[in-house]
Structure formats: structure tokens, C-alpha cells
Amino acid sequence: MLYSGQAFRLESLPNEILKVVFDLKDQSANVFNALALKELGEVLEVIKKQSAKGLLFTSGKPSGFVFGADVTEFLDHFKKTEDEMKTWIAGINKVFSGYEDLPFPKVALVNGFALGGGCEIALTMDYRLATPKAAIGLPETKLGIIPGWGGTARLPRLIGADHAIEWITGAKHYKADEAIKFGAIDGIIEDAKLEEAGLKLLEKCIKGELDWKARVEQKKSPLKLDKIESAMSFDGSKAFVAAMAGPNYPAPVKAVETMQKAARLNRDEAIALEGETFTLCAKTKTAECLVQVFLGDQYLKKVSKTVTKNAKPTQHASVLGAGIMGGGIAYQSASMGVPVLMKDIKTEQLDLGMNEASKLLNKEVERKKMTTEKMAKVISQITPTLSYSDFSNTQFVVEAVVENEKIKKSVLAEVEKGTSPETVLASNTSTISITRLAEGLSRPDKFCGMHFFNPVHRMPLVEIIRGAKTSEETIAQAVNYANQMGKTPIVVNDCAGFLVNRILFPYFKGFVHLIEDGVDFQRIDKVMEKFGWPMGPAYLLDVVGIDTGVHAAKIMADAFPDRMSYSTKTILDVMYENKRFGQKNGLGFFEYEVDKKGKPVKKVNPAVYELIKPCVKKEITVTDEDIIMRMMIPMITEASRCLEDKIVATPVEVDMGLLLGLGFPPFRAGALKYADSIGMKNLEEISQKFHSIGHMYEFTSFMKGMAAENKTYY
């Protein structure tokens with residue numbers, strides 16, 4: 001053993017071959033943290049002192065090669081000055097290039113994921129052999145940055161500019177069978193024979209049968225593109241990438257610009273330029289927020305893993321109600337391998353539920369993401385039934401009937417009688433108290449809320465709601481089932497609207513008051529979409545369903561009358577009375593027609609303004625910034641209340657709930673992170689301008705304390 005550390009080993013093999021093994025101690029996966037980067041440099045210095053003819057770079061982890069840099073360290077690095085950041089990056093690149101410049105052939109053995117820094121260290125090697133399960137890619141632009149350890153310099157020189165642009169701006173990873181077509185890897189070898197194949201490849205290089213030096217020279221030289229070819233590759237891509245990324249995500253365009261400027265430079269000059277761009281991106285709020293979102297996602301996974309430590313997987317589930325939601329839940333369960341019964345009281349409703357599942361599956365087949373054989377298998381996993389007689393063996397029941405407390409209580413009590421004492425019951429309610437719904441049950445400890453978001457197959461969040469008598473075992477089973485369905489669960493305590501809808505309805509109320517002050521709903525939508533929301537509040541209400549919104553608003557007003565009740569008839573009431581329910585019937589704030597692909601397309605009918613007129617109480621001048629603050633402050637204050645009321649335990653869960661359940665702009669990272677970016681003192685001063693509108697603009701005592709002490713949620 002030539003070197004043995006906490007992250008790396010350096011071994012000597014026969015025939016003067018060296019083997020670097022990345023095996024980060026006490027970790028299930030390899031990541032480049034500060035320790036690993038330090039040892040990587042130390043190993044290089046030991047290698048330089050050896051008389052060697054070749055090098056294998058391998059992983060000691062069955063889980064994969066290298067998952068990239070340790071993102072948990074990023075925010076601390078982002079706090080560095082620009083000069084400190086450039087020095088840090090230059091130091092790492094000196095080591096990476098040092099491996100590339102070793103005077104003998106080098107082979108990376110990629111046995112799984114090689115992402116980000118893992119891909120970049122593999123690119124420094126002369127050849128890359130991969131197992132069939134391997135995947136390689138540079139996902140940095142998802143974090144608001146660009147590759148910083150040579151990725152924008154080496155990848156274009158290896159696979160060509162056009163492909164490198166696609167890889168880096170798309171931030172995707174490519175499986176071995178795809179990557180080999182691009183030339184990113186050189187061979188696919190079964191796991192058991194990977195090292196043997198690597199040694200044979202080195203032997204060919206040593207004998208002169210393969211020109212490994214030409215590969216090194218290719219990566220160190222300028223790109224072989226003339227001015228016209230360069231313009232076609234880069235200028236054409238920039239416009240397309242800018243349109244796809246949008247103005248709030250600058251990193252993909254910066255990556256293209258960096259590759260374009262570096263095309264005529266040698267490796268070291270290109271890497272230095274990359275470091276400058278990386279530093280600029282890393283100092284942006286977008287990067288800070290996107291890294292926080294990544295860390296938030298990791299936090300939720302960690303919490304789920306802890307909660308479900310002793311939970312048994314659900315082998316068979318049932319859904320009550322075969323409407324759009326019930327059909328969507330059944331589809332999701334079956335498509336992820338958990339067979340499901342779908343119960344309703346009418347055959348036509350069961351047909352509707354099965355049709356919903358079939359429609360979703362057909363789309364997967366059309367997109368070539370699923371074979372017809374797989375589709376048939378999934379459909380066979382959904383069993384429609386009119387009877388409770390088949391429920392005795394089911395382990396988990398999700399009730400998804402109409403949002404009516406009396407009906408839900410009746411259905412839940414009935415199904416409980418036909419299930420075993422171990423069966424977990426869950427209600428897919430969006431607003432009704434889980435504690436109240438449990439009142440008629442003989443086993444309230446086996447009951448919880450399980451709030452899916454519409455459309456079920458697309459929305460990643462599931463709120464798992466703990467009632468007053470819900471057991472921790474039940475919560476664990478629900479979290480586990482949500483995970484099995486490919487969803488991200490967040491456990492919340494019981495209250496009206498739970499977490500996401502409780503925070504959403506003050507936002508809608510801000511919209512209603514802007515309408516009352518004479519602000520055009522189309523303008524509000526445009527301003528909030530520019531802020532970063534995927535859709536403005538009027539469009540969102542149409543998608544949610546205005547009838548659903550009116551019903552839920554009454555429940556929220558009863559629960560929180562000081563800030564969520566209305567003193568007069570609102571525009572939502574008027575829409576409801578005029579049967580403008582939104583997309584579900586084609587009439588809402590907008591009107592909808594279905595295009596050739598079956599998607600609803602919105603348009604404006606001037607007649608809707610006649611309906612709005614009676615609701616307008618005054619005409620005031622508001623700036624776009626006023627619109628943003630009047631929409632966002634109620635959301636922020638309610639988000640803080642949810643934290644203060646211990647609906648969830650951390651700001652991360654609040655903000656991730658909004659991101660995953662509502663589509664809150666990821667580059668802002670959530671309502672509480674957004675509040676931090678403004679500063680609580682500044683936000684309090686802004687909120688005071690709107691106190692006359694209602695209590696939802698008033699800071700809580702906790703928030704006032706934060707402002708006084710200049711504290712942040714993160």
C-alpha cells in the first residue's frame with residue numbers, strides 16, 4: 001500500500017501499474033468533500049515519485065463511482081470573496097490537471113454514477129470504461145453554477161461542442177449505452193470484469209497499440225472549429241438555451257458563452273476562464289437558492305429514511321373514489337408496482353377512474369417512456385370494484401371521495417369495518433381536519449391524512465397529516481407508501497389547510513384585494529409570472545377550480561377569521577355564481593379550448609370584465625413591486641405562522657412544501673428563504689404600508705423579534 005487515507009488508497013499492481021481507489025470512510029457513496037480533495041492531491045504527489053507505466057482510477061463503493069462534489073459544503077464556499085473562490089478552484093484544477101499530465105496512460109473504471117466532479121475527474125483520464133449500470137453527466141447548471149473543475153474545457157474537446165452544450169446546459173446524466181454513442185466512455189464491461197478490462201487496455205497503451213498521448217493532446221488543445229463552425233454551434237445554441245432556461249436561470253447561457261470563449265484557448269487557459277465564470281455564478285442569489293433547494297430535498301429524504309426505519313412496505317393498497325384524484329392515485333400506485341383496488345358506488349365512476357389511468361399510461365407509451373407490455377401490466381394491477389368484500393387483505397386505504405366532511409366520515413367508518421385491525425386508513429382531504437374525520441372511527445390511531453396534489457402523476461408532494469390520535473407507526477407506514485409511489489412526503493400536524501393550502505389562501509386573498517383595488521387580473525398574472533411563478537393567481541385558480549377554491553376558502557375563513565375571512569362578496573363568489581369554475585368547464589378568469597394535443601389553451605373574453613366590475617371598490621395606482629409585495633407578504637406571514645404553530649418543524653419543510661406542492665420559484669427557494677433575501681427589517685417596513693388592507697399583512701410577534709434582532713430563517 002503506497003498511500004492509505006480516509007478517502008483514498010493507492011495500491012501497486014503487477015507490471016508497474018498503480019491503482020487509485022476512492023473509498024470515502026463511513027459513507028455509502030463517494031463525494032469530493034474537503035478531506036477527499038486534500039487526499040486526492042496527496043495521492044498525486046506520491047504517484048509522481050513512483051516508477052509507473054499506467055494508472056487505474058477506481059471506486060471502492062458498490063453504489064457508484066463519484067457522485068460529485070459535496071454540495072453541503074457549497075454555501076460556505078459561496079461566502080468566499082471572488083479572489084478566494086478563484087484560488088480555491090485553481091487549486092483543485094491544478095490537481096485534476098496533474099492527473100491528466102501524468103506521463104503514462106490512465107483509465108477510469110466507472111462502476112456507477114459519475115456526476116459533476118465525478119465526471120470531471122473521469123474526464124482527466126485517457127480512457128473511461130463503464131459498467132452497464134453506470135451513468136455520467138454534468139448537472140451543475142441545476143444548481144445555478146457551471147462545471148468548475150474542467151468540465152466546460154474537457155467535454156467539448158472530447159465529444160464535440162454541440163454534444164457538450166447539450167450535456168452541460170441540459171444538466172442530465174446519460175446511461176452507459178447512451179454515453180458511449182457520444183464518445184464520453186470507451187467501453188461497457190460487466191462489473192466483475194471491469195478491472196481486468198482496464199488492465200488489458202493499459203497493456204495495449206503501454207505496447208503502443210493505442211495512441212493515448214493523442215487523447216491527452218486533444219484535451220489540451222483548442223477546439224478544431226473554424227469561425228463559421230464555432231458561430232453555428234455556439235451562437236445558435238445560446239438563443240435556444242436562453243429561451244429554455246428563462247431570465248432567472250443564467251448559468252446555462254453562461255456555460256455556452258464560456259465554452260465559446262474557450263474554444264480557441266488551450267486547456268489551462270480554458271480552465272482559468274471557466275473558474276472566472278464559475279465564481280460569478282456562485283456569487284448569485286440564484287445559485288444560493290438552488291443549492292438550498294438541493295439541500296432541502298436531501299433533508300426530506302433523510303427525514304423520510306429516519307421515520308420509515310421500521311416500516312414495512314405496502315404490498316397491496318386500495319383507493320375509495322374513482323374520480324380524477326382516485327384514478328390518479330390508483331395509477332400512481334400501480335405504475336410504481338403496488339397493486340391497488342379502486343372502489344366506487346357507480347360503475348360509470350369506475351370507468352372514469354380506469355379511463356383516467358389508461359389515458360396517463362397511453363401518454364407514457366406515446367412518449368416512448370413505456371412499452372405497451374408494461375402498460376398492460378400496470379393496468380392489470382388496478383382492480384375496479386363496487387364492493388368492500390375484497391378489502392380484508394388490503395394494507396393501506398386512501399379515501400378520495402368528495403371534499404365533504406359528513407360523506408368522508410361515513411365512507412371511512414364503513415370501510416374500517418371491512419379491513420383488518422392492521423390496515424392504515426388515510427384521507428386525501430385538502431382542508432378538513434384529520435382529528436375531526438377520525439371521530440367516528442374505532443381505530444383512530446390507524447388513521448392519518450394523505451393529501452395528494454393535482455395532477456397526481458406530476459405533482460411530487462404528498463402531505464402526511466398527523467391527527468390528534470394518529471400513531472407514529474401509522475405515520476411511518478404512510479410515509480413509506482408515499483415513497484413507494486415515487487412521491488416526496490412531508491409530515492405535517494393537523495390544522496385547516498394543513499401546510500400548503502393554509503399558506504396558499506392568504507396569497508389568493510391578496511389577489512382578491514388587488515382586484516377590489518382595480519388592478520387588472522391579467523396584469524397581476526404577468527407580474528407574478530415574471531416573479532417566477534409557473535402561472536399567475538388567476539390562471540392558478542382556474543386550474544385548481546374556482547368552485548374548489550370557494551369551498552376551501554370558507555373552511556379557511558372559519559378556521560382563521562382574523563386574516564382569511566371576507567366582509568363582502570368577492571370576485572371568486574361572483575365567478576362561482578356564474579358557473580365559471582375554471583378549466584374543468586372551460587370558463588373561469590380565462591376561457592379554454594382544447595388544442596390538437598388535448599391541452600387546454602387559455603384566451604380572454606372581454607365579458608369577464610363585466611363580472612369583475614361590481615367587485616371593484618376603488619381604482620388606485622400600484623407599482624409592479626406593490627403587486628409582488630401584496631401577493632407575497634400574506635404568504636410569508638402565514639408560512640411563518642405555520643412554523644411558529646409547529647405545523648412542521650423546520651423552515652426547510654415549509655419552503656420545500658411550497659416548491660413541491662405549488663411550484664414556488666426554485667430560484668427563490670421558498671417563501672421563508674425569500675423573506676431572508678429581503679431582510680426581515682426591510683420586509684416589516686414594507687408590510688406596514690399595507691396594514692389597512694387586513695391582518696394578513698401584519699407581522700407576528702415572533703417575526704417582529706426577528707426583525708429587531710436582524711435574524712433569518714436559515
Of the residues 297, 351, which single one is surrounded by fewer than 16 Cβ atoms within 10 Å (Cβ to Cβ), among the acidic types (Asp, Glu) and out of contact with any helix residue (DSSP H, G or I) (no Cβ under 6 Å at 6 or more places or on another chain)? 351
When you scan region 460-471, do you find a residue that is surrounded by 24 or more Cβ atoms within 10 Å (Cβ to Cβ) and out of contact with any helix residue (DSSP H, G or I) (no Cβ under 6 Å at 6 or more places or on another chain), even just one? yes
Tally the residues that are within 24 Å of the chain's Cα centre (by Cα) and small (Gly, Ala, Ser), restricting the search to region 158-175. 3
Tally, over region 317-375, of residues that are part of a loop (DSSP other than H, G, I, E, B), on the phi < 0 side of the Ramachandran plot and within 28 Å of the chain's Cα centre (by Cα): 8
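Got a sec? Which of 619, 685, 638, 644 is surrounded by fewer than 15 Cβ atoms within 10 Å (Cβ to Cβ) and either touching a helix residue (DSSP H, G or I) at 6+ places or on another chain (Cβ under 7 Å) or among the hydroxyl-bearing types (Ser, Thr, Tyr) (or both)? Quick ask: steps written out before the conclusion?
Values: 619 fails: either touching a helix residue (DSSP H, G or I) at 6+ places or on another chain (Cβ under 7 Å) or among the hydroxyl-bearing types (Ser, Thr, Tyr) (or both); 685 fails: either touching a helix residue (DSSP H, G or I) at 6+ places or on another chain (Cβ under 7 Å) or among the hydroxyl-bearing types (Ser, Thr, Tyr) (or both); 638 fails: surrounded by fewer than 15 Cβ atoms within 10 Å (Cβ to Cβ).
It is 644.
Could you please let me know if residue 190 is loosely packed, with under 13 Cβ neighbours inside 10 Å and either touching a strand residue (DSSP E or B) at 6+ places or on another chain (Cβ under 6 Å) or in contact (Cβ under 8 Å) with a residue 12 or more places away in the chain (or both)?
Numbers: loosely packed, with under 13 Cβ neighbours inside 10 Å: yes; either touching a strand residue (DSSP E or B) at 6+ places or on another chain (Cβ under 6 Å) or in contact (Cβ under 8 Å) with a residue 12 or more places away in the chain (or both): yes.
Yes.
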If you check 200, 213, 219, which single one turns out to be assigned to a helix (DSSP H, G or I), farther than 30 Å from residue 666 by Cβ and touching a Leu at 6+ places or on another chain (Cβ under 9 Å)? 219
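Could you please find all residues in region 440-498 being among the charged types (D, E, K, R) and either assigned to a loop (DSSP other than H, G, I, E, B) or more than 22 Å from residue 544 (Cβ to Cβ) (or both)?
443, 445, 446, 458, 466, 469, 472, 473, 487, 494
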Return the pairs, sorted by first residue and then second, in which the second residue is at pLDDT 95 or above and surrounded by fewer than 13 Cβ atoms within 10 Å (Cβ to Cβ), the first residue lies in region 700-712 and is assigned by TED's automatic domain parsing to the domain that holds residue 635 and closer than 13 Å to residue 639 by Cβ, the beta carbons are less than 8 Å apart, and the residues are 6+ apart or on different chains. 700/644; 702/644
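Can you tell me which residues in region 415-448 are more than 23 Å from the chain's Cα centre (by Cα) and closer than 18 Å to residue 325 by Cβ? Reasoning before the result, please.
Restricting attention to region 415-448, the residues satisfying the condition of being more than 23 Å from the chain's Cα centre (by Cα) are 415-427, 429, 431-448.
Once the filter is applied, which keeps residues that are more than 23 Å from the chain's Cα centre (by Cα) and closer than 18 Å to residue 325 by Cβ, region 415-448 yields 415, 425, 426, 427, 429, 431, 432, 434, 437, 448.
Results for (1) in contact (Cβ under 8 Å) with a residue 60 or more places away in the chain; (2) crowded, with 16+ Cβ neighbours inside 10 Å, shown as yes or no for each residue.
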site	(1), (2)
9	no, yes
14	no, no
25	no, no
28	no, no
32	yes, yes
39	no, yes
54	yes, yes
73	no, no
Are any residues in region 542-578 touching a helix residue (DSSP H, G or I) at 6+ places or on another chain (Cβ under 8 Å) and either of a type in the set (S, T, N, Q) or without any contact (Cβ under 8 Å) to a residue 40 or more places away in the chain (or both), and if so, which ones? 547, 550, 557, 565, 570, 573, 575, 576, 578
Is there any pair with a first residue in region 399-414 that is without any contact (Cβ under 8 Å) to a residue 40 or more places away in the chain and a second that is part of a loop (DSSP other than H, G, I, E, B) and polar (S, T, N, Q) whose Cβ atoms are under 7 Å apart and which are 6 or more apart or on different chains, and what are they? 408/429
Checklist (1) of a type outside the set (S, T, N, Q); (2) buried (at least 17 other Cβ atoms within 10 Å of the Cβ); (3) modelled with pLDDT of 90 or more applied to residue 603, failing item: (2)
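Going through region 505-548 one residue at a time, which ones are in a helix (DSSP H, G or I) and aromatic (Phe, Trp, Tyr)? Steps first, answer last, please.
Filtering region 505-548 for residues in a helix (DSSP H, G or I) gives 505-516, 521-531, 537-544, 546-548.
Matches in region 505-548: 505, 507, 508, 511, 521, 531, 539.
Only residues that are of a type in the set (Lys, Arg) and part of a helix (DSSP H, G or I): list them for region 117-163, please.
Step one: list which residues in region 117-163 are of a type in the set (Lys, Arg), which gives 128, 133, 142, 154, 157.
Residues satisfying the conditions are 142, 154, 157.
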When you go through (1) crowded, with 17+ Cβ neighbours inside 10 Å; (2) of a type outside the set (S, T, N, Q); (3) modelled with pLDDT of 95 or more one by one for residue 103, which number turns out not to apply? (1)
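The values are calculated or read from the model by the stated rules, or taken from the named source; none is laboratory data. Predicted, not measured: the structure shown is a model, and the values here were computed from it. Ideal geometry is used to build each Cβ from the backbone, glycine not excepted, and the neighbour counts take in all protein chains shown.
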